[in-house]
Amino acid sequence: MSADASIDLLVIGAGAVGLAITRQAAMQGLSVILVEDNPSFGMETSSRNSEVIHAGIYYPQDSLKARLCVEGAHAMYAYCAERGVTANRIGKLIVATNDDQVEGLSAIMAKGQANGVPDLAMIGQARLAEMEPHLNAVAAIHSPFTGVVDSHNYMAALEADAENAGAIIAYLSRFEGAERYQAGYGAKRWHCRITSQGEAMVIDAGRIINAAGHGSHTVSKAIEGLEPSSIPPHYMAKGQYFTTTRKPPFSRLIYPMPSGGGLGIHLTLDAANGARFGPDIQWVEGEDYSVDPGDAAKFHRSISTYWPDLREDELVPAWAGLRPKIYNDGSRFQDFTIMTGADHGADGVTALYAIDSPGLTSSLALAGHVMEVSGIAA
């Protein structure tokens, strides 16, 4: 089979993680092509979230999420400062709105400290009243390390870095499948079939990294020799967001106690200091980005526990995102799932599954980790 191009690495999926991997590989001097089915980067999970730079508080110690979130947050702040991308380290409060929740706060605090999250502090009611006078809470964890990033410009910077280092990024390009072949001297490579803007082509690649998000399962099924039984289940957790026309009286992000497999309907602030709320969690069968205006009542019940002055009629439907999951049970912790040939039998292929929150925060650290486990670290 003749190839239209011969490269070191094919990356599939131009979300934040795929872009970060492509950037790192190109800057290491590898020849890289990134293929993306959509017309631009980050059009799925990476652009439909809270844009929060997470500090790494909630995750079990020694999990990938714990380690890569803390490492990734440090890297993101440094990278955004260097590249002129807005990343506001405004801090957040995880609040207990009644005495029964205070014990839960202590458990969260212990996790964050075990994970190496900097500058965490437990705040009492009197100090909270000084910090956020309109907040209803009896206690809170203050995380000054938490912030908000302009995710679009962050991904645009990753894209620019990758291309400046020689990577080729092909949008409107679908991965169709890959077959392994003997390239000589014992080396095995991959013939990767791509449909790019309606035109079929073959890319000869030494390695493949599957970072296709919700499409990762479909991509893996199309790779010769990758054991189908190794591919985990794929579920979609829909998260809706609402905004408000009212200017929020808070200067920090406000998070309730976690519930239902998520971090609760929290309040975040955009670059213009506008408020947005979400996500909730709904298990859906297929792609659904609609927001139900009728769910304003549910949102208001949650938000009003910590912002009692907000009226339900001040909530406005905004957008929804779909988080990739390997469990359809929100009570189970789901770590980042990264498989190599040792896991699925297809040498030279690394597959990423269930890269949900804090995937955006962790993206630079995830890129380094994926390169390392793939055997192509610098």
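The values are calculated or read from the model by the stated rules, or taken from the named source; none is laboratory data. Keep in mind that what you see is a predicted model, and the values were worked out from it rather than measured. All Cβ positions, glycine included, derive from the backbone under ideal geometry; neighbour counts span all protein chains shown.
With (1) out of contact with any helix residue (DSSP H, G or I) (no Cβ under 6 Å at 6 or more places or on another chain); (2) at pLDDT 95 or above; (3) not polar (S, T, N, Q) as the list, and Arg23 as the residue in question, which single condition is left unmet?
Failed condition: (1).
Could you say which residue among Ala140, Ala129, Ala183 is of a type in the set (A, V, I, L, M, F, W, C), out of contact with any His (no Cβ under 6 Å at 6 or more places or on another chain) and in contact (Cβ under 8 Å) with a residue 40 or more places away in the chain?
Ala140
Residue by residue through the stretch 204-220, note down the ones that are surrounded by fewer than 21 Cβ atoms within 10 Å (Cβ to Cβ), of a type outside the set (Asp, Glu) and more than 23 Å from Gly42 (Cα to Cα).
If the condition is that a residue be surrounded by fewer than 21 Cβ atoms within 10 Å (Cβ to Cβ), of a type outside the set (Asp, Glu) and more than 23 Å from Gly42 (Cα to Cα), then Gly206 is the only one that fits.
Take the stretch 271-287 and flag every residue that is touching a Pro at 6+ places or on another chain (Cβ under 9 Å) and part of a strand (DSSP E or B).
Of everything in the stretch 271-287, just one residue is touching a Pro at 6+ places or on another chain (Cβ under 9 Å) and part of a strand (DSSP E or B), namely Ala275.
Need a quick list: strands (runs of 3 or more DSSP E) entirely within the stretch 297-378 having at least 2 residues that are under 30 Å from Thr244 (Cβ atoms).
315-325
Can you confirm whether the stretch 96-114 contains a residue that is small (Gly, Ala, Ser), on the phi < 0 side of the Ramachandran plot, assigned by TED's automatic domain parsing to the domain that holds Pro279 and crowded, with 19+ Cβ neighbours inside 10 Å?
Yes, that holds for at least one residue.
Test of understanding: among Asn153, Asn136, which residue is touching a Pro at 6+ places or on another chain (Cβ under 6 Å) and either modelled with pLDDT under 95 or more than 30 Å from Ser2 (Cα to Cα) (or both)?
After applying the criteria, what remains is Asn136.
List the number of the failed condition for Ile57; all other conditions in (1) at pLDDT below 95; (2) in a loop (DSSP other than H, G, I, E, B); (3) closer than 30 Å to Arg301 by Cβ hold.
With (1) at pLDDT below 95; (2) in a loop (DSSP other than H, G, I, E, B); (3) closer than 30 Å to Arg301 by Cβ applied to Ile57, the lone miss is (1).
Which residue, of Ala183, Ala200, is under 24 Å from Thr350 (Cβ atoms) and either surrounded by fewer than 22 Cβ atoms within 10 Å (Cβ to Cβ) or basic (Lys, Arg) (or both)?
Ala183
Give the number of residues within the stretch 233-285 that are under 20 Å from the mean Cα position of the chain (by Cα) and at positive phi.
4
Please enumerate the residues belonging to the stretch 281-300 that are more than 14 Å from Leu315 (Cα to Cα) and of a type in the set (D, E, K, R).
Within the stretch 281-300, Glu285, Glu287, Asp288 meet the criteria.
Return yes or no: is Tyr79 outside any strand (DSSP E or B) and over 13 Å from Leu360 (Cβ atoms)?
It is false that Tyr79 is outside any strand (DSSP E or B) and over 13 Å from Leu360 (Cβ atoms).
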